[in-house]
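The values are calculated or read from the model by the stated rules, or taken from the named source; none is laboratory data. The shown structure was predicted, so the numbers you read here are calculated from the model rather than taken from an experiment. Here the Cβ is made from the backbone with ideal geometry for all residues, glycine too, and neighbour counts use every protein chain on show.
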Amino acid sequence: MAFEFTDAHIQEYFQLGYTVFRAIIPPALLRDLRRETDKGRVIARQRAGENAQRLQPIAGCPELDMKPFDDYHALPPLVDALNRLLGPSIGGLVDTHATRDVFGVLYEPAGAPWCTQWHRDWRDNIRGLKVGEWEKVMLDFRLFNQINCALYDDSCTWVVPGSHLRKDTPGEIRRFPDRPVLGPTIPKDSTPEETEVACLAYTMSMPGAVQAHLNAGDYLLYRNSLWHIGNYVPYRKRATIHDGIFTPEFRAFFTKPPMNPPAADGAPAGWENPNLDSLVRKALKREPVGANA
Ligand SMILES: O=C(O)CCC(=O)C(=O)O
Ligand SMILES: [Fe+2]
């Protein structure tokens with residue numbers, strides 16, 4: 001069935017922090033994008049090894065024909081859906097070409113299963129970021145709009161619905177009291193199966209975690225301020241366009257120092273813990289209330 005935009009997409013996006021435009025990529029474009037991203041997979045592994053998570057940016061790879069990607073960025077039903085969903089929040093038209101030089105493609109690992117840590121982008125994966133600055137803007141819908149467009153069925157991404165609207169719950173703080181957020185514990189000589197099971201158990205250990213199931217041609221729009229994770233296995237082929245919605249405000253956000261911190265005196269910046277003063281964390285760490293250790 002052809003994709004149709006509905007009010008449910010708006011409601012889901014703002015309330016849950018994600019929504020899926022089902023089957024929005026037409027078959028001929030899917031074919032062309034698969035052809036080019038197959039070439040990209042080889043380049044990604046040449047550059048970053050067999051477990052490469054992505055090729056980013058796609059632009060600037062002379063081996064790749066950009067035409068299908070340009071067609072994807074200009075796809076009328078997609079541009080229309082994004083404008084209907086985000087237009088009122090960003091105060092203008094969505095510029096889908098604004099990310100042409102920065103978007104990438106996510107791939108399955110060739111070597112072994114692995115997963116990212118649970119995180120909210122920026123807050124938990126940018127070392128030295130001023131968490132207070134991020135918290136001030138986490139509800140700004142001109143920022144943090146991210147997309148995964150699946151060219152093959154893709155169930156790698158998990159999210160905690162609604163977490164984009166709030167700070168961490170006591171359960172989340174209990175699960176991840178420290179920074180940097182710890183990943184799964186994988187003993188050194190683990191088999192691929194042991195690694196896969198450990199990554200899935202870690203992924204499912206987050207309270208309220210929900211797996212996003214995408215079919216080929218589906219487009220997941222999500223707040224990257226949402227708790228989320230990617231969990232990968234080599235036996236499920238993946239080529240998922242990883243893109244964002246750039247507004248002038250978002251460009252300004254990520255180019256300014258508190259969000260993109262320079263190393264001070266060459267010393268690596270630390271990780272700020274957003275929950276340092278939480279009573280739940282203090283109880284867990286047996287710290288006296290009022291202490292800031
Ligand atoms: O693989 C995914 O879908 C998520 C990846 C991700 O969240 C990240 O790399 O920051
Ligand atoms: Fe992320």
| Pair list, Cβ < 6 Å and 6+ apart or interchain, from segment 230-242 residues that are closer than 12 Å to D153 by Cα and at pLDDT 95 or above to residues that are small (G, A, S) and within 12 Å of ligand 1 (Cβ to nearest atom) | T240/A150
| field | So A291, is it within 24 Å of T99 (Cα to Cα), at pLDDT below 95 and either part of a loop (DSSP other than H, G, I, E, B) or over 17 Å from the mean Cα position of the chain (by Cα) (or both) | value | no
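Count, please, the residues in segment 81-107 that happen to be assigned to a loop (DSSP other than H, G, I, E, B) and in contact with a strand residue (DSSP E or B) (Cβ under 7 Å, 6 or more places away or on another chain). Before the answer, list the steps.
Let us first name the residues in segment 81-107 that are assigned to a loop (DSSP other than H, G, I, E, B), namely 91-95, 100-103.
Filter once more, keeping what is in contact with a strand residue (DSSP E or B) (Cβ under 7 Å, 6 or more places away or on another chain): 103.
Within segment 81-107, residues that are assigned to a loop (DSSP other than H, G, I, E, B) and in contact with a strand residue (DSSP E or B) (Cβ under 7 Å, 6 or more places away or on another chain) number 1.
For segment 181-197, does any single residue satisfy the condition of being of a type outside the set (K, R), more than 29 Å from A112 (Cβ to Cβ) and without any contact (Cβ under 8 Å) to a residue 40 or more places away in the chain? If you could, list the steps in order and put the result at the bottom.
In the first step, residues of segment 181-197 are kept if they are of a type outside the set (K, R); the result is 181-187, 189-197.
Remaining after also requiring more than 29 Å from A112 (Cβ to Cβ): none.
Looking for residues that are of a type outside the set (K, R), more than 29 Å from A112 (Cβ to Cβ) and without any contact (Cβ under 8 Å) to a residue 40 or more places away in the chain, one finds none in segment 181-197, hence no.
So in segment 115-129, with the set limited to residues that are among the basic types (K, R) and either under 16 Å from S163 (Cα atoms) or surrounded by 22 or more Cβ atoms within 10 Å (Cβ to Cβ) (or both), which one is farthest from ligand 1 (Cβ to nearest atom)?
Filtering segment 115-129 for residues among the basic types (K, R) gives 120, 123, 127.
With either under 16 Å from S163 (Cα atoms) or surrounded by 22 or more Cβ atoms within 10 Å (Cβ to Cβ) (or both) added as a condition, the list becomes 120, 123.
Values: R120: 10, R123: 11 Å.
Applying the filter and picking the extreme gives R123.
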| note | Reported set for segment 180-231 where residues are touching a helix residue (DSSP H, G or I) at 6+ places or on another chain (Cβ under 6 Å), closer than 27 Å to I25 by Cα and assigned to a loop (DSSP other than H, G, I, E, B) is G217, S225, L226, W227
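Can you tell me which residue among E133, E172 is within 15 Å of M206 (Cβ to Cβ) and in a helix (DSSP H, G or I)? Give the derivation first.
Numbers: E133 fails: within 15 Å of M206 (Cβ to Cβ).
After ruling out the rest, the residue left standing is E172.
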| Hits in segment 212-234 (condition: surrounded by fewer than 22 Cβ atoms within 10 Å (Cβ to Cβ), away from ligand 1 (no atom under 11 Å from the Cβ) and under 26 Å from L182 (Cβ atoms)) | V233, P234
| query | Of the numbered conditions (1) over 30 Å from L276 (Cα atoms); (2) surrounded by fewer than 21 Cβ atoms within 10 Å (Cβ to Cβ); (3) over 18 Å from the mean Cα position of the chain (by Cα), K136 satisfies every one except a single condition; which is it? | reply | (1)
